[in-house]
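**Q** Got a structure for you, written out below as C-alpha cells; questions coming shortly.
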Amino acid sequence: MTNPVQPVPCKILSVVQESETEWTFRVETDVRPQCGQFMQLSIPMVGEAPISVSAQGDGWVEFTIRSVGKVTNVIFQKEPGDLLFLRGPYGKGWPLEQFRDKHMVVITGGTGLAPVRSMLRRFAAEPGLVRSVTLVAGFKDEGGIVFRQELEAWRTPFRTIYTLDKGEKEGWRTGLVTEFVKEIPFTTFDRNYAAVVVGPPPMMKFTGLELLKQGVPDDRIWMSFERKMSCAVGKCGHCRIDETYVCLEGPVFPYTQARYLVD
Amino acid sequence: MGFRIEAGLADEILRELKKSYQIYAPKRFPGQGRFAETDLIRYDEVSALSEIVFDEKSDYPAKEVITPIQQAIFYFTEEEYRASRGKSKPILLFARPCDINAQRVQAKIYAGNGGYEDLYYTRMRERVKFVLMECPGGDDTCFCASMGTNRTDDYGMAVRPDGAGGLLAEVRDEELLPYFSQAPAADFTPAFVTENETAVTPPEIPDKETLLKLKAHPVWQEFNGRCISCGACTLACSTCTCFTTRDVVYGDNPEVGERRRVSASCQVEGFSDMAGGHSFRPTAGDRMRYKILHKFHDYKARFGDMHMCVGCGRCTSRCPAYISVTATVAKVNAAVAEIRGALGQ
C-alpha cells in the first residue's frame, strides 16, 4: 500500500530574497503542478506546512515563503544544495480552460500574489491564451513587495495597478486594493471576463463585496483559500469548512461556493 | 454458530486466542475516574473474562485502539524519512454497536475521503475483528436508536454475559470457530437496543441560506459562557478523527526523532490557526457550532449515508461543564424552526 503522506527529498537549486520577510526557493523535482495547486513542504524534526507553488518549469518548482512559522523559519536557514522534503501537488488549481479567451482580472493582497504567479507567468508567456490581463496588486508597504522584477516586466503585457496600503512609491498608488476595483474597465470586457482574488481573508471578503458592487456577477469571481493543514489529503480535519475540505476541493473556489464557506 | 461457555472454559479460550490475537476490551481502572473514589473504564488489553466490563459503557471509545491518541508515523535519521512499520498480530476488539458503527464513519474519512487511503488507519483496521458486546441498554446519555447505530452485523463474534461468569456466544468467523470446539452448542443471536431513554432528532437544514443563517444565529453564543474549550468531548467521541502532526527529537541527539500523529480537538482554541497568525472560530460558541454541525449535518452532507454522531453520549458524560449534546441539538432544532419560519419555508 502506498503512503499518501510520504515526503520525498528534493534539492534546493536557488534561494532568492523577495522582500524583507519573503524568500523564493527553487527546488528540483519532476512534478508538474497545475497553476494554483499547493504542496506539503517538510523538514525532519521541525514539521510540515502547505505552501502554494509560485512558479514552475522543467525539473523545478518554486515556493515563495514568508518567515512566520516554525517550519518556515527553519526553511530560511537552508541554502542551495540542501534538501527540502516535498509531497503533492494537492488540491484544485485555477480553471485555466474556463479562463481561455477571457479578459482576466487578477486582484492580490500581499503574498496572495504567489498562488497566482505561475498563472500570470503563463499569461505573459502565451499572449493568445487570454484576451487581456488586468492586475491589481497591493502590498502593506514598500518592504512587503514581492516579485519586483516580474511586476515591472508585467507593466507592458498587462494593465496594472500597483498599490501600497501605506507610503509613497514612484509608479505606485497608495490605498487598499478595494479602492481601485472601480477603476477596472469591466464595461469594455463585453461580459467575457473572469476575476481572481487572492489575499488575506478580510481582503478577499471585502474585495469580493466590492466586485459585486461594481456589477460583477458572482459566477465570474474565483478565490484561493489558505488554511492550516496537517495532512492535505482530507484526514486531519483542520481545513474543513462545512462539508468542504479546502485541501481537496480547494484551494481555488468559485465565489458562488466561497461565499458560503464561513469558517 | 451459538455456544454456551462456562467461566472456566471462557478463560481457557481467551488464553488460546491470545496466542494469535491481541485482545482489547473495556477494562476498569479503579480510582482513576475524574471524581474522588470513582473508576475509569477505558480500552486496554485483557487476559481474563472477568476483566472485561460488560454492564457499564466505557468512558472512552473503542476508536482509541484503532486510531490511538498518538502514534509515530515516520522515524527520522539525519535526513531520511522512514514510515513506521506497525504490528501485524490481529486484534479482537470487544465493542458495543455504537463503537462498531463509529468505524464506518472513521473509515469514510481515513480510508476514503478525497480518494486517499490512510496507510496508518487501514493497516490497523485490517487487523481488527470485532467481538460484538450485546448492549444491555446503555445509560441516560445514549441515543443510538435515534442515529440508527443501535444495530450492526459487522462482527466476527457476538457475546452476552450469562450472569454466572460465563458467556453466550455467536461465532461467525471461520477462523475463530476452532477455538470453541469444547463449548456446548446453544441458541444465541445478539439482541439490539431498540429505544433509548433519550431521543435526538437531527436538524433538517434544507439549503445553504438556512445554513448561513443558522451559523450566525445567537443560539451558539450561550456556549461562550458554558464551554471551557477543553476538548474532553472530542477525545471521548467515538468518531472524531482530527489530528495534528508533531515532530519530536529524541533526547540529546538532534539528528534522530519521529513525526507523530496526535489527536487534535476543534474545541480547543487555535485548532485552525495559521503560521501567519490568522485564526478562525475565535469563540467557544463558534467552535461548538463547528462540532455540532459536523456531527449532525456536514458529515452527512458530504458522505450521504449517515450522520457522524453515533449517539454514544460520551461527550455529554465527559463534559466538565455539563453540556448535553441532546439538549444542544434540541436548541439547534428550535433555531432552525425559527429561521425556516422567517424564510416562510
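Throughout, read-outs are computed from the coordinates displayed, never taken from laboratory work. Here the structure is a predicted model, which means the values were calculated and not measured. Here Cβ is always computed from backbone atoms with ideal geometry, including for glycine, and neighbour counts include all displayed protein chains.
**Q** Give the aspartates and glutamates reachable from A:Lys166 as a straight Cα distance under 15 Å; neighbours fewer than 8 places away on the same chain don't count.
**A** List returned: A:Asp141, A:Glu142, A:Glu179.
**Q** Now for a different question. Measure nothing fancy, just the Cα-based angle from helix A:114-125's long axis to the longest principal axis of chain A, in degrees from 0 to 90, nearest 10.
**A** Between the helix axis and the principal axis of chain A, the angle is about 60 degrees.
**Q** If you count the DSSP beta bridges with both ends in the protein assembly as shown, what percent of them are antiparallel, to the nearest 5?
**A** Numbers: 70 of 106 bridges.
The answer is about 65 percent antiparallel.
**Q** Pick from B:Tyr43, B:Tyr250, B:Tyr121 the residue whose mean-square fluctuation is largest in a GNM of chain B, springs joining Cα atoms under 10 Å.
**A** Result for chain B, Cα springs under 10 Å: B:Tyr250 fluctuates most.
**Q** Just in region A:103-198: which GluC sites (Glu not before Pro) are loop by DSSP and have at most 11 other Cβ atoms within 10 Å? Kindly include the intermediate steps, with their values, before the conclusion.
**A** Working: sites: A:Glu142, A:Glu150, A:Glu152, A:Glu168, A:Glu170, A:Glu179, A:Glu183; in loops: A:Glu168, A:Glu170.
Those satisfying the criteria are A:Glu168, A:Glu170.
**Q** Order these peptides, B:298-309, B:213-224, by their mean beta-carbon neighbour count within 10 angstrom, highest first. Don't jump to the answer; show the numbers that get you there.
**A** Numbers: B:298-309: 19.0, B:213-224: 16.8.
Those peptides, ordered most packed to least, come out B:298-309, B:213-224.
**Q** On to the next question. Gaussian network model of chain B, Cα springs within a sub-10 Å range: biggest mean-square fluctuation belongs to which of B:Ser58, B:Ser272, B:Ser324?
**A** B:Ser272
**Q** Additional query: So, by mean Cβ neighbours within 10 angstrom, what's the order for B:144-152, B:19-27 with the highest one leading?
**A** B:144-152, B:19-27
**Q** Once Lys and Arg get +1 and Asp and Glu get -1 on their Cβ, which of A:Gly109, A:Pro44, A:Ala125 lies farthest toward the positive end of the dipole of region A:42-127?
**A** Result: A:Gly109.
**Q** I've got another one for you. Can you pull out the trypsin sites (Lys or Arg not before Pro) in region A:171-253 whose DSSP state is coil and whose Cβ has at most 16 other Cβ atoms within 10 Å?
**A** A:Arg191
**Q** Shifting gears a bit: Per-residue Cβ counts within 10 Å, from other chains only, averaged over B:289-302: what number is that?
**A** 2
**Q** Suppose a student asked you for the relative contact order of chain A, using Cα pairs under 8 Å spaced at least 6 residues apart; what percent would you report?
**A** Once divided by the residue count of chain A, the mean separation gives 18 percent.
**Q** Could you work out how far apart the two model spin labels at B:Leu177 and B:Ala216 are, taking each label as a point 7 Å from the Cα in the direction of the beta carbon, and quote it in nm?
**A** Inter-label distance under the simple model: 6.3 nm.
**Q** If you count, for every residue in B:67-80, the Cβ atoms of partner chains within 10 Å of its Cβ, what is the mean? Spell out each step's value before the answer.
**A** On the way: counts 0, 0, 0, 0, 0, 0, 3, 7, 1, 4, 1, 2, 7, 2.
Partner Cβ neighbours, averaged per residue: 2.
**Q** Let me ask something additional. Please identify every one of the trypsin sites (Lys or Arg not before Pro) in region B:66-150 that sits in a loop by DSSP and has no more than 14 other beta carbons within 10 Å of its own beta carbon. Before the final figure, lay out each step's value.
**A** Numbers: sites: B:Arg82, B:Arg85, B:Lys87, B:Arg104, B:Lys108, B:Arg123, B:Arg125, B:Arg127, B:Lys129; in loops: B:Arg85, B:Lys87, B:Arg127.
Hits after loop and neighbour filter: B:Arg85, B:Lys87.
**Q** Restricting the count to DSSP beta bridges whose residues both fall in chain B, what percent are antiparallel, rounded to a multiple of 5?
**A** 75 percent
**Q** Going through the cross-link list B:Lys215/B:Lys331; B:Lys57/B:Lys89; A:Lys182/B:Lys208, which pairs have a Cα-Cα distance over 22 Å in this structure?
**A** Over 22 Å Cα-Cα: B:Lys57/B:Lys89; A:Lys182/B:Lys208.
**Q** Grab the beta carbon distance between A:Ala153 and B:Ala330, set R0 = 51 Å, and tell me the FRET efficiency rounded to 0.05.
**A** For A:Ala153 and B:Ala330, the calculated efficiency is 0.25.
**Q** A follow-up question, please. Helix A:201-213 sits at what angle to the longest principal axis of chain A, using alpha carbons and giving 0 to 90 degrees rounded to 10?
**A** 30 degrees
**Q** Let me ask another. Restricting to chain A, compute how many DSSP beta bridges are antiparallel as a %, nearest 5.
**A** Roughly 60 percent of the DSSP beta bridges within chain A come out antiparallel.
**Q** If you don't mind, another one. Want the number for B:Glu6 to B:Asp39: 0.36 nm per residue separation, take away the alpha-carbon distance, what's left?
**A** 9.1 nm
**Q** Using Cα-Cα distances under 8 Å and only pairs 6 or more residues apart, what relative contact order does chain B have, in percent? Don't jump to the answer; show the numbers that get you there.
**A** Numbers: 630 pairs, mean separation 73.5, N = 345.
It rounds to 21 percent for chain B.
**Q** In whole Å, what is the distance between the alpha-carbon centres of region A:1-71 and region B:54-110?
**A** 31 Å
**Q** Taking the alpha-carbon centroid of each part, what is the distance from region B:234-276 to region A:87-146 in angstrom?
**A** 34 Å
**Q** Can I ask one more? Only residues of region A:1-23 count here: report those whose backbone N is under 16 Å from the spot 7 Å along Cα→Cβ of B:Ser88, or say none.
**A** A:1
**Q** Also, I was wondering about something else. Could you work out the helix-only [θ] at 222 nm for chain A, with each DSSP H run of four or more residues adding -39,500 (n - 2.57) and the total divided by the number of residues, to the nearest 500 deg cm²/dmol?
**A** -4500 deg cm²/dmol
**Q** Every cysteine in chain A with no other Cys Cβ under 4.7 Å from its Cβ, please list them in numeric order.
**A** A:Cys10, A:Cys35, A:Cys239, A:Cys247
**Q** Note down the magnitude of the dipole of the protein assembly as shown about its Cα centre, charges +1 on Lys and Arg C-beta and -1 on Asp and Glu C-beta and zero elsewhere, to the nearest 20 debye.
**A** Computed charge dipole of the protein assembly as shown: roughly 1060 debye.
**Q** May I ask which of B:Lys108/B:Lys291; A:Lys228/B:Lys63; A:Lys70/B:Lys108 have a Cα-Cα span longer than 20 Å here?
**A** Cα-Cα > 20 Å for A:Lys228/B:Lys63; A:Lys70/B:Lys108; rest within.
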